[in-house]
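Enquirer: What follows is a single structure, and I will ask about it in a moment.
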Amino acid sequence: MIANGKSYTTVGIYMRCLRTILNEAIRTGFLEARAYPFGRGKYEIPVSEGRKMALKLSQIKEILDHPDANETMQEYRNLWLFSCLCNGANFNDILRLKYENIKGEEICFYRGKTLHTFKKKKEIMVYLTPPMEAIIKKWGNKPDLPSKYIFRFLNGCSDPKNYRKLFGQF
């Protein structure tokens, strides 16, 4: 694939899919475990470093100072700002935040993307700044129950299967 101009990221995507298929084949008895081509001393899936692209401070200021076309735009800009202030938390994690994730002056959560991929779980702890509190106060649900989502988007969802019905796979 590399010789055909594909990037290491593309190779990694395809190979992880193939590895999943082979794991299922071994689990169902279709393939013997000794034929498994992945692991130490065998083929290791390449991992590339993503290119980190940060906005310049002038660009961030432009976003923050941009006049709001409507309330929806203001809400989405504030959620983007919340993500930035939350150490770049992705929207999947932000939408799943509940009031019980607020512990004193911090928001504590586990990344949904990696929750089931590592044995050792790393909790992310972010200092709850006054601008974050203001965003929660303006756009958040009322904090009447600790198990309530902070933001409105997953209201009424009782389990992860319902998330997909609302938003597709995110």
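The values are calculated or read from the model by the stated rules, or taken from the named source; none is laboratory data. Quick caveat: nothing in here was measured; it's all calculated off a predicted structure. No Cβ is skipped: glycine too gets one built from the backbone with ideal geometry, and neighbour counts run over all protein chains shown. When the accessible area is computed, the model is the full protein with side chains, heavy atoms only, and any ligands, DNA or RNA have been set aside. Shrake-Rupley method; radii C 1.70, N 1.55, O 1.52, S 1.80 Å.
Enquirer: Return the residues of segment 92-112 that are in a strand (DSSP E or B), touching a helix residue (DSSP H, G or I) at 6+ places or on another chain (Cβ under 7 Å) and surrounded by 16 or more Cβ atoms within 10 Å (Cβ to Cβ); say none if nothing qualifies.
Expert: Scanning segment 92-112 gives ILE107, PHE109.
Enquirer: Residue check, LEU97 against (1) free of Cβ contacts under 8 Å to residues at least 40 places away in the same chain; (2) within 23 Å of the chain's Cα centre (by Cα), all met but one. Which one?
Expert: With respect to (1) free of Cβ contacts under 8 Å to residues at least 40 places away in the same chain; (2) within 23 Å of the chain's Cα centre (by Cα), LEU97 is out only on (1).
Enquirer: Right, next: Can you tell me how many residues in segment 123-147 are open to solvent by less than 60 Å² (accessible area, probe 1.4 Å), within 18 Å of ARG96 (Cβ to Cβ) and among the small types (Gly, Ala, Ser)?
Expert: Residues in segment 123-147 being open to solvent by less than 60 Å² (accessible area, probe 1.4 Å), within 18 Å of ARG96 (Cβ to Cβ) and among the small types (Gly, Ala, Ser): 1 in total.
Enquirer: Inside segment 1-91, counting only helices (runs of 4 or more DSSP H) that do not spill past its ends, which hold 2 or more residues that are open to solvent by 80 Å² or more (accessible area, probe 1.4 Å) and farther than 22 Å from ALA134 by Cα?
Expert: Counting at least 2 such residues, we get 8-27.
Enquirer: Just to verify a result, which residue in segment 143-164, among those that are at pLDDT 80 or above and among the aromatic types (Phe, Trp, Tyr), is nearest to PHE109 (Cα to Cα)?
Expert: Filtering first and then ranking leaves TYR149.
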